[in-house]
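First the structure, in the form of structure tokens, and then the observations on it.
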Amino acid sequence: MYELAWECRVKEDWENALGDWGQDAPGRLCRRGQQKILERWVFRRWIICRTRSTAFNFPFVVFEGEDPDFLVRNGNRVIGVEIAEACLPTEQAQWTQEAKEDETSNFTITRENDLADPERSTRVREMVASILEQKSKRSSQQCDELLLYLTTSDTSFETAETLLEWL
């Protein structure tokens, strides 16, 4: 079942239509029951890029639900958008434990994929391949776009060109 999230009728009003929706994302320890908020945060960045690049005509309407996470109705097109964290399943519990330890210590915990070293590209490639395999096994017929995010505590970000080279 999908519910209307928001809609934008004219180009000049799309930022007002978006408002605070998807503005913030919960930290790793606050995500239980908050997955949709995190998905909105990722989706917000995607929709801003798509709107600025004129990939959408106006008006368009955004619905949220599951499988896929969002539907965008744009004219006669409906685009399904699925959002997932790119990580190896074995690391989920480890990262949550590290976040708990980080919360109670005076030191920031750094993960391997936060370090700028040659292994980082291999790790990112493994994580993306893992999530692509998982999602392809249970993918919806309506999924047109798969947005992957990589949780990291690093403050420097790779360029899109670098990430594409890694993949």
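At-a-glance table
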| read-out | value |
| --- | --- |
| In nm, spacing of pseudo-spin labels at residue 137 and residue 61 (7 Å Cα→C-beta vector) | 3.6 |
| Size of charge dipole - region 1-72 - debye, nearest 20, with Cβ of Lys, Arg +1 and Asp, Glu -1, no other charges | 320 |
| Within straight-line cross-link reach of residue 135, lysines at Cα separation under 19 Å, skipping those fewer than 8 residues along the same chain | 36 |
| Distance (nanometres) between label positions extended 7 Å along Cα→Cβ at residue 125 and residue 20 | 4.4 |
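Only the coordinates and a few stated rules stand behind these numbers; no lab work does. None of the values given here were measured: they were computed from a predicted structure. Please note: Cβ atoms are built from the backbone with ideal geometry, for glycine as well, and neighbour counts cover all protein chains shown.
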